[in-house]
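Reviewing the structure listed below.
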Amino acid sequence: MYFLKNYCDKKTNANGELIGCTAGYSIKNTSHAIMFQGHSDETIGHECLHGLGLPHSFYSKAKFTFKAMQTDNVMDYSHRIQDPVETRKDADGNIITRTPIDRFTLWQWQWQIVNDRVKNAFNQ
């Protein structure tokens, strides 16, 4: 894992509220991740779990798929006030924001994937 002093590209709405940024990056099933200045503890966990093979909780080809930004799962983007995948606007063209949800859970099937990956790493 690499921690960089670079700040992420922060995106704000018309009121100056933070609506998103890339605070970390990793590719699924890899042994490395990059964290940018301003990342949260949840971001570290999120990126490490990608490295251990977990997709986002809303990924359509995952074992189970949930609606994006609706869960407290670490692999969701529910901590953001604006959907990073699909920008929604109201009738006046204003970007719709939402109340963020703290991310702190994993589900049993996610633990099974991670545990299998860790066991395999130690057996090599």
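The values are calculated or read from the model by the stated rules, or taken from the named source; none is laboratory data. Please read these numbers as outputs of a predicted model, since none were measured by experiment. Please note: Cβ atoms are built from the backbone with ideal geometry, for glycine as well, and neighbour counts cover all protein chains shown.
Overview of values
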| item | result |
| --- | --- |
| Residues of region 26-43 satisfying the condition of being loosely packed, with under 15 Cβ neighbours inside 10 Å and of a type in the set (A, V, I, L, M, F, W, C) | Ile27 |
| Region 44-81 - residue that is touching a Leu at 6+ places or on another chain (Cβ under 9 Å) and over 15 Å from Trp111 (Cα atoms) and, of those, surrounded by the most Cβ atoms within 10 Å (Cβ to Cβ) | Arg80 |
| Boolean, Gln82 is closer than 22 Å to Gly24 by Cβ and out of contact with any strand residue (DSSP E or B) (no Cβ under 7 Å at 6 or more places or on another chain) | no |
| Residue match in region 96-110 (condition: assigned to a strand (DSSP E or B), at pLDDT 85 or above and closer than 21 Å to Asp41 by Cα) | yes |
| Any hit, region 80-95, residues being in contact with a Pro (Cβ under 7 Å, 6 or more places away or on another chain) and under 26 Å from Phe3 (Cα atoms) | yes |
| Some residue of region 32-39 being small (Gly, Ala, Ser) and touching a His at 6+ places or on another chain (Cβ under 9 Å) | yes |
| Residues of region 67-95 satisfying the condition of being more than 16 Å from Asp41 (Cα to Cα), of a type in the set (Val, Ile, Thr) and assigned to a loop (DSSP other than H, G, I, E, B) | Thr71, Ile81, Val85, Thr87 |
